[in-house]
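Chemist: Let me give you the structure first, and then I'll get to my questions.
The values are calculated or read from the model by the stated rules, or taken from the named source; none is laboratory data. Not measured: the values here are computed from a predicted model. All Cβ positions, even for glycine, are placed from backbone atoms using ideal geometry, and neighbour counts span all protein chains on display. The protein model used for the area step is the full one, side chains on, heavy atoms only, and it has no ligands, DNA or RNA in it. Shrake-Rupley method; radii C 1.70, N 1.55, O 1.52, S 1.80 Å.
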Amino acid sequence: MPCFGISSRKKLNTCHIDLQILFERVVQVWDCAVLYGHRGQTEQNEIFQTGASKLRWPKSRHNTQPSIAVDIRPHPHRGWDDTRVFYAFAGFVLGVAEELRRAGRIKHKVRWGGDWDGDRDLTDQDFNDLVHFELEES
């Protein structure tokens, strides 16, 4: 059974408990790695400069403590251009999140960076962040 490595676990531990519960369940079925949980000012602004984030410090949901956003890369990962694995992984994650929410294990709905408005139309995004998952306001 897959499990998080030390680096992924350390990053996930900077996140809201709902994200921790969700991804501890996800990794049992689908191997994945945590890229970012909480990001400080320097890190957030560097990522903004590269274009990987549209938000400067402190506007990102990664900038809260605990972080209400997490970036997760699924395995196998054949490169950033092979988006099919990201779409499949996101569907799995969102299904698990809804199951946990309905069971009362987590409080928040989860939004994915490939469908910001949650309308399931994956063609209407201005910015795709396929590794990004965040908690919606409750």
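Chemist: Just name the residue that is least open to solvent (accessible area, probe 1.4 Å) out of those in region 33-51 that are over 14 Å from the mean Cα position of the chain (by Cα) and under 26 Å from residue 137 (Cβ atoms).
Modeler: Filtering region 33-51 for residues that are over 14 Å from the mean Cα position of the chain (by Cα) and under 26 Å from residue 137 (Cβ atoms), the one least open to solvent (accessible area, probe 1.4 Å) comes out as 44.
Chemist: A further question on this structure: Of all residues in region 1-32, count the ones that are of a type in the set (A, V, I, L, M, F, W, C), surrounded by 12 or more Cβ atoms within 10 Å (Cβ to Cβ) and outside any helix (DSSP H, G or I).
Modeler: 4
Chemist: Go through (1) in contact with a helix residue (DSSP H, G or I) (Cβ under 8 Å, 6 or more places away or on another chain); (2) open to solvent by 40 Å² or more (accessible area, probe 1.4 Å); (3) in contact (Cβ under 8 Å) with a residue 12 or more places away in the chain for residue 64 and report which single condition fails.
Modeler: Evaluating residue 64 over (1) in contact with a helix residue (DSSP H, G or I) (Cβ under 8 Å, 6 or more places away or on another chain); (2) open to solvent by 40 Å² or more (accessible area, probe 1.4 Å); (3) in contact (Cβ under 8 Å) with a residue 12 or more places away in the chain leaves (1) as the failure.
Chemist: When you go through 95, 114, 104 one by one, which is the residue that is modelled with pLDDT of 95 or more, within 19 Å of residue 30 (Cα to Cα) and open to solvent by 20 Å² or more (accessible area, probe 1.4 Å)?
Modeler: Exactly one residue qualifies, and that residue is 95.
Chemist: Would you please name the residue that is modelled with the highest pLDDT, looking only at residues in region 64-92 that are basic (Lys, Arg) and more than 14 Å from residue 133 (Cβ to Cβ)?
Modeler: It comes out as 84.
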